[in-house]
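Peer 1: Here you go, one structure.
The values are calculated or read from the model by the stated rules, or taken from the named source; none is laboratory data. Computed from a predicted structure; not experimentally measured. Don't worry about glycine lacking a Cβ; one is built from the backbone with ideal geometry, like all the others, and counts go over all protein chains shown. Side chains are part of the model used for accessible areas, which takes the heavy atoms of the whole protein and leaves out ligands, DNA and RNA. Shrake-Rupley method; radii C 1.70, N 1.55, O 1.52, S 1.80 Å.
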Amino acid sequence: MGGAHLSFRSVPFPRHSGRGRPGCEPRCRTRCAALPYEPAADAAMDRGRFQDIIAYKEETLANEKPRCRLERISLDLSDGPERRKLFAQLNARATKVVVATEGLLIYFSAEEVASLAADLAAENRFQTWIIDLASPGQLRLMQRTTGKQLSEAGAAFKFGPPEGVNFFAPHGWEPTDVQGMLKTAAQFNRAPAELLSLLPEPKGNPGNFPWTGVCLLNKREPRL
Ligand SMILES: C[S@@+](CC[C@H](N)C(=O)[O-])C[C@H]1O[C@@H](n2cnc3c(N)ncnc32)[C@H](O)[C@@H]1O
């Protein structure tokens, strides 16, 4: 695990179908292309309807051939007992597990993220976790903008820890690499021009600065 770090590459995005959210970036073909934009569609993120999202993804990606074995599981990840059952099954099947949560933690409260982190850390083969993270400043910005509609649809933005990536250490995860999204996008000449004034990023914990990033977390070695 030592020495592991995040590496990025720029991939051209196919033009998305034009259906989807006004002004949304073609960031997630499945999500944008699959869901016609209406607050109700965002309500699809409320807990009871994950299978709808999965069904839509499968329908939309029916012609796509995954490059590895792909299994989609419809599960409310905030349901502790159910997710622990799943994690134990996955742990038993694998030798080494890398977990990636993209665009998920922001919908969880700090208590829910802490509990999810502890459950992931409890599985001996779950060794690495890649997350995206927002600073408190970014969270407030998002709550004031897109978050308003999402909140009305039952999918409020909640997680932007004041501790930054150090939030995860007490829950079993050591941050080993942190890369700001805007800085990385600028390195690939893919940063929105109007945001470049936000560079350079602050050193250390971004706090009230509007920042999002990708963080590589490794399982914390138990203290002997
Ligand atoms: C912003 S989307 C990100 C989707 C995709 N990872 C991406 O980055 O394009 C958030 C995703 O989190 C899922 N989600 C939100 N809350 C969840 C929960 N409690 N359990 C499982 N999935 C959840 C939603 O269904 C949605 O697919």
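Peer 1: Out of curiosity, is R84 open to solvent by 40 Å² or more (accessible area, probe 1.4 Å) and either away from the ligand (no atom under 13 Å from the Cβ) or in contact with a Ser or Thr (Cβ under 8 Å, 6 or more places away or on another chain) (or both)? Show your work before the answer.
Peer 2: Details: open to solvent by 40 Å² or more (accessible area, probe 1.4 Å): yes; either away from the ligand (no atom under 13 Å from the Cβ) or in contact with a Ser or Thr (Cβ under 8 Å, 6 or more places away or on another chain) (or both): yes.
Judged against the criteria, R84 is a match.
Peer 1: Additional query: How many residues are closer than 18 Å to L133 by Cβ and charged (D, E, K, R) if we restrict to the stretch 184-209?
Peer 2: Matching residues across the stretch 184-209 total 2.
Peer 1: If you don't mind, another one. I'd like to check something: does the stretch 172-195 contain any residue that is at pLDDT below 90 and touching a Gly at 6+ places or on another chain (Cβ under 6 Å)?
Peer 2: Scanning the stretch 172-195, I find no residue that is at pLDDT below 90 and touching a Gly at 6+ places or on another chain (Cβ under 6 Å), so the answer is no.
Peer 1: Could you identify the single residue in T95, T146 that is without any contact (Cβ under 8 Å) to a residue 40 or more places away in the chain and away from the ligand (no atom under 16 Å from the Cβ)? First the steps, then the outcome.
Peer 2: Values: T146 fails: away from the ligand (no atom under 16 Å from the Cβ).
Criteria check complete, one pass: T95.
Peer 1: Hey, another quick one. Would you pick out the residues in the stretch 198-224 that are of a type in the set (A, V, I, L, M, F, W, C) and modelled with pLDDT of 90 or more? Before you say what the answer is, go through the steps one by one.
Peer 2: Within the stretch 198-224, the subset of a type in the set (A, V, I, L, M, F, W, C) is 198-199, 209, 211, 214-217, 224.
Listed by number, the residues that qualify are F209, W211, V214, C215, L216, L217.
Peer 1: Continuing with this model, one more query. Would you mind stating whether K203 is part of a helix (DSSP H, G or I) and among the charged types (D, E, K, R)?
Peer 2: Values: part of a helix (DSSP H, G or I): no; among the charged types (D, E, K, R): yes.
Against the criterion (part of a helix (DSSP H, G or I) and among the charged types (D, E, K, R)), K203 does not qualify.
Peer 1: Restricting attention to the stretch 168-184, and to residues there that are open to solvent by less than 50 Å² (accessible area, probe 1.4 Å) and of a type in the set (A, V, I, L, M), which single residue is nearest to the chain's Cα centre (by Cα)?
Peer 2: If we take residues in the stretch 168-184 being open to solvent by less than 50 Å² (accessible area, probe 1.4 Å) and of a type in the set (A, V, I, L, M), then L182 is nearest to the chain's Cα centre (by Cα).
Peer 1: Is it true that some residue in the stretch 99-111 is open to solvent by less than 90 Å² (accessible area, probe 1.4 Å), hydrophobic (A, V, I, L, M, F, W, C), more than 12 Å from the ligand (Cβ to nearest atom) and farther than 19 Å from T128 by Cα?
Peer 2: Yes, the conditions are met somewhere in the stretch 99-111.
Peer 1: Turning to a different aspect of this structure: Count, please, the residues in the stretch 112-126 that happen to be surrounded by fewer than 18 Cβ atoms within 10 Å (Cβ to Cβ) and not basic (K, R). It would help to see each step written out before you state the result.
Peer 2: The first filter runs over the stretch 112-126 and keeps only residues surrounded by fewer than 18 Cβ atoms within 10 Å (Cβ to Cβ), leaving 112, 114-115, 118, 122, 124-125.
Okay, now just the ones that are also not basic (K, R), so 112, 114-115, 118, 122, 124.
Of the residues in that region, 6 qualify.
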